[in-house]
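Taking it in order: structure first as structure tokens, then the write-up.
The values are calculated or read from the model by the stated rules, or taken from the named source; none is laboratory data. As the structure is a prediction and not an experimental result, all values here were calculated from the model. For neighbour counting, all protein chains shown are included, and Cβ atoms are generated from backbone atoms with ideal geometry for every residue, glycine included.
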Amino acid sequence: MTLTTRPSSTPDRPSAEPADASTSAAPGTFHVLGDGESLAWSEPVFRLHGFLPGDVVPSVALMLAHCHRDDRAALAALLQPGPGRADEGRSLRYRLQGADGEEHTVLAVLVPGVDTDARLLGLLVDLGAQIGAAASRRADEMLAAAIESREVIDQAKGAAMLAYGLDGAAAFDLLRWHSEHLNVKVRTLAEHLLAALPGRPARTDPRDVLDAALAGVLPATDAEVAPLVASPSLHGEDDAALPARLDVAREDGADRSVVVRLTGVVDATTVPALVTALSEALRAVPARGQLVVDAAGVRRLGPVAVLHVSRLRRRAEQAGVRLRVLPPAGMRA
């Protein structure tokens, strides 16, 4: 086959120049002219083939020469349709090999021409550029969201570190544990905690604020949460250093009962140990037995602890176990 080229008006100019992302991703148009062999290309089609406008004379032969040999027959059929197909719109996905050595996966779409000069009107789309541009935008969006989430989570970590006397790793473990057990994302939990901080009374213990916020993460319509947000917390003399400590002792009685005795502080930091101990104790109670939670030795009880005790009560009912809670002095059962 014979390929026709036009000499460039500036001989030292390279035959192809890098196109910016917007140019390379833009769809191009081409016309199959009246003789069936000549083509007219828009600038993006020139660039897809590795040329600048004016470097070559577009033709069906040139377009076929830059088509992967396994796709060439299908492209020839698309560009030179047989009798009876002149009024059909059709498309082909094929591999285009540019003069610069790059291979592109493209989609060619043809429709009948509307004037005497063009037998067919075509659209050529670089699928890789389109997909790549979309993927790049999505990656940018995901990165921005990740950075924003990280900032929110880091702020909540800082609040937990200050309120509960934790280091950074322990503060993140605290957020992650409550996220899993409340079935909310860590970022959602972090946003909820941060929203509770502004406007609080100056002398309010930050543990009270964050404990109450954790207890109120779930919708207020949830039967196990609604009555708990306003439940009183115990405020005794608690001069122990932070983070708080909770000691748990279990006794398996001979009368089909299991007793769990709590001593110390129950807040957001010690609730994981409390939930683990109570879950193990519940499994140890014989059928139709009793689980007794003795909290007489608890000096401080946050509302988030009441939330998990309420959940334990529901699990005990489902297991056919009677749950009895002995509250700290001065707090209702």
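One table, with the values for the structure above:
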| read-out | value |
| --- | --- |
| Residue in segment 212-229 that is among the acidic types (Asp, Glu), modelled with pLDDT under 85 and assigned to a loop (DSSP other than H, G, I, E, B) present | yes |
| Restricting segment 42-69 to residues that are assigned to a loop (DSSP other than H, G, I, E, B), in contact with a Gly (Cβ under 9 Å, 6 or more places away or on another chain) and of a type outside the set (A, V, I, L, M, F, W, C), the residue that is nearest to residue 110 (Cα to Cα) | 42 |
| Test for residue 26: is it touching a strand residue (DSSP E or B) at 6+ places or on another chain (Cβ under 6 Å), modelled with pLDDT of 60 or more and surrounded by 13 or more Cβ atoms within 10 Å (Cβ to Cβ) | no |
| Residues that are assigned to a loop (DSSP other than H, G, I, E, B) and more than 21 Å from residue 251 (Cβ to Cβ), drawn from segment 287-308 | 302 |
| Residue 263 of a type in the set (Val, Ile, Thr), modelled with pLDDT of 90 or more and farther than 22 Å from residue 321 by Cα | yes |
| Residue satisfying all of: in segment 43-60; in contact with a Ser or Thr (Cβ under 8 Å, 6 or more places away or on another chain) and surrounded by fewer than 18 Cβ atoms within 10 Å (Cβ to Cβ); nearest to residue 99 (Cα to Cα) among these | 52 |
| Condition check for residue 190: under 30 Å from the mean Cα position of the chain (by Cα) and at pLDDT 90 or above | yes |
| Among the candidates 302, 330, 289, residue that is modelled with pLDDT under 90 and more than 28 Å from residue 179 (Cβ to Cβ) | 330 |
